[in-house]
1. Inside the stretch A:43-70, can you point out the residues that are part of a loop (DSSP other than H, G, I, E, B) and modelled with pLDDT of 95 or more?
2. Of all residues being in contact with a Lys or Arg (Cβ under 9 Å, 6 or more places away or on another chain) and in contact (Cβ under 8 Å) with a residue 40 or more places away in the chain in the stretch A:48-80, which is farthest from residue B:106 (Cα to Cα)? Just the residue, please.
3. Taking residue B:34 and the conditions (1) in a loop (DSSP other than H, G, I, E, B); (2) touching a residue at least 24 places away in the same chain (Cβ under 8 Å), which numbered condition does it fall short on, given that it satisfies the others?
4. Among the numbered criteria (1) away from chain A (no Cβ under 14 Å); (2) surrounded by fewer than 18 Cβ atoms within 10 Å (Cβ to Cβ); (3) not acidic (Asp, Glu), which single criterion is violated by residue B:59?
5. Is it the case that some residue within the stretch A:103-111 is outside any strand (DSSP E or B), within 21 Å of residue B:38 (Cα to Cα), within 14 Å of chain B (Cβ to nearest Cβ) and within 15 Å of the chain's Cα centre (by Cα)?
6. Mind checking which pairs have a first residue in the stretch A:84-109 that is over 20 Å from residue B:47 (Cα atoms) and free of Cβ contacts under 8 Å to residues at least 40 places away in the same chain and a second that is acidic (Asp, Glu) and surrounded by fewer than 21 Cβ atoms within 10 Å (Cβ to Cβ), Cβ under 9 Å, 6 or more apart or different chains?
7. Can you say whether residue B:88 is surrounded by 13 or more Cβ atoms within 10 Å (Cβ to Cβ) and more than 10 Å from chain A (Cβ to nearest Cβ), as far as the supplied structure shows?
Amino acid sequence: SQKIEQNSEALNIQEGKTATLTCNYTNYSPAYLQWYRQDPGRGPVFLLLIRENEKEKRKERLKVTFDTTLKQSLFHITASQPADSATYLCARRNAGNMLTFGGGTRLMVKP
Amino acid sequence: DTGVSQDPRHKITKRGQNVTFRCDPISEHNRLYWYRQTLGQGPEFLTYFQNEAQLEKSRLLSDRFSAERPKGSFSTLEIQRTEQGDSAMYLCASSFLRDKNTEAFFGQGTRLTVV
């Protein structure tokens, strides 16, 4: 089965630093990986999508990379702010467009 | 409101009771998904509809679970004879089948507590 693995330990960083979150997948490379943000008690919110033939995608302070050799995607938040504190979920799209999610990584940005 | 709406937001029920949740997707979206999320985990796929047709169900979806999407608009998820293990956040998402670059829009979820 296709699995998505994210570091379950919370990531604590200082405001202004770059946060880097890791997403690893098993078996064959997904055609797309998606990243979502989830705040406590709320549904996930879509952030970025990256295709397997794209090495990097950017949106404002966010950057996602996709390395099919390492079977890994990295999610970066530059100049992090306390408001960026949330859980970040990585997901691969399967047939039918349903998503297989990783367990998420909680990011805490301290002022 | 143009987002995905779920009702109720919270539900507390006694073990053995039946519960029903409702999801109103974004109106032009033809695909609707149900996920379940427990604390500290990512959402797990339960089932999805394209228009009114239920196209796939996860093996997580026991016989006590049933979902409908009459007329391809809103959807309901019913859990019969609830068990404590059913306690979770139930998330609904919708998307529009346009191309493969389709993000999912999630509702706020229904948190179920079975006591």
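The values are calculated or read from the model by the stated rules, or taken from the named source; none is laboratory data. Note that the coordinates shown come from a computational prediction; the quantities given were computed from them, not determined experimentally. Glycine gets a Cβ as well: all are built from the backbone with ideal geometry, and neighbour counts include every protein chain shown.
1. Passing the criteria: A:43, A:44, A:60, A:61.
2. My answer is A:79.
3. All conditions pass for residue B:34, except number (1).
4. Going through (1) away from chain A (no Cβ under 14 Å); (2) surrounded by fewer than 18 Cβ atoms within 10 Å (Cβ to Cβ); (3) not acidic (Asp, Glu) one by one, residue B:59 breaks only (1).
5. Yes, the conditions are met somewhere in the stretch A:103-111.
6. What qualifies is A:85/A:39.
7. yes
Table: residues versus (1) within 14 Å of chain B (Cβ to nearest Cβ); (2) crowded, with 17+ Cβ neighbours inside 10 Å.
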| position | (1), (2) |
| --- | --- |
| A:20 | no, no |
| A:47 | yes, yes |
| A:60 | no, no |
| A:77 | no, yes |
| A:81 | no, no |
| A:86 | yes, yes |
| A:90 | yes, yes |
